[in-house]
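Please read the structure below before turning to the comments.
Every read-out reported here was derived from the displayed coordinates using simple, explicitly stated rules and does not represent laboratory data. Predicted, not measured: the structure shown is a model, and the values here were computed from it. For neighbour counting, all protein chains shown are included, and Cβ atoms are generated from backbone atoms with ideal geometry for every residue, glycine included.
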Amino acid sequence: MRNLVVRTRPRTFVTPWTLDSMHRQLENWMDRAFSVSNGEDLERRLTLTPRMDIAETAKGYELTADLPGLQDKDVDISVSNDVLTITGERSYEQESDGRNVHLSERGFGTFKRSFSLPDDVDQEQIQARLKNGVLAILLPKTEEVEPPSRQIKVKTS
């Protein structure tokens, strides 16, 4: 029969200083995990990743992205090697009106999203428009050209 061994850990005392230290460490972890700027360090940025939807219609594909606060000059769209790339930048709006910022969660900085295009996209006809902070990119499909078919006569032997 096995002997039962009970191990106990030494007691640790929680003091206000250890709680404060734990709280600061937790805040640092959360800040690093979400890269949220608390207003003290302007170099820290919230990562911008625009929310996007992609839908297919009979005529093509529609890509929609939420880009609140951006204007057409802030967004660049390019196509290279069958890859559509959307880049943009939102500048940090620092106002010098004597306000003391306590929390700043609105993201700023640059973003880049890339998508591989399907073979049936007519890359010469891609169109984009930005209205009310919503970017809409229309990716029309090429007209399907069916290869010529011919009838094969089956011979009997």
Would you pull out the residues with amide H under 5 Å of Leu67's amide H, same chain only if 5 or more places away, H placed 1.01 Å from N? Val134, Leu135
Hey, got the Cα dimensions of the range 72-133 along the principal axes, in Å, largest first? 54, 19, 15
Full extension between Arg129 and Glu62 adds, at 0.36 nm per residue less the Cα distance, a length in nm of 23.0 nm
Contour minus Cα-Cα distance for Arg150 and Glu105 (0.36 nm per residue): 9.8 nm
Whole-Hz Karplus couplings 3J(HN,Hα) for the range 105-121, θ = phi - 60° and coefficients 6.51, -1.76, 1.60, Gly and Pro as x, run 9, 5, x, 8, x, 10, 9, 8, 10, 10, 9, 6, 8, x, 5, 8, 8
Under 5 Å between amide hydrogens, which residues at least 5 positions from Tyr61 or on another chain qualify, with H placed 1.01 Å from N in the peptide plane? Leu139, Lys141
Added length on full extension, which subtracts the Cα-Cα distance from 0.36 nm per residue, Ser116 to Thr85: 10.3 nm
Using only the Cα atoms of the range 55-101, what are the Rg and Dmax in Å? 16.8, 55
Can you work out the FRET efficiency for the pair Glu143 and Asp72, with r the C-beta to C-beta distance and R0 = 22 Å, to the nearest 0.05? 0.15
Give me a comma-separated list of calculated 3J(HN,Hα) values for the range 59-67, in order, Karplus coefficients 6.51, -1.76, 1.60 applied at θ = phi - 60°, integers in Hz, x for any Gly or Pro. 8, x, 10, 10, 10, 10, 10, 7, 10
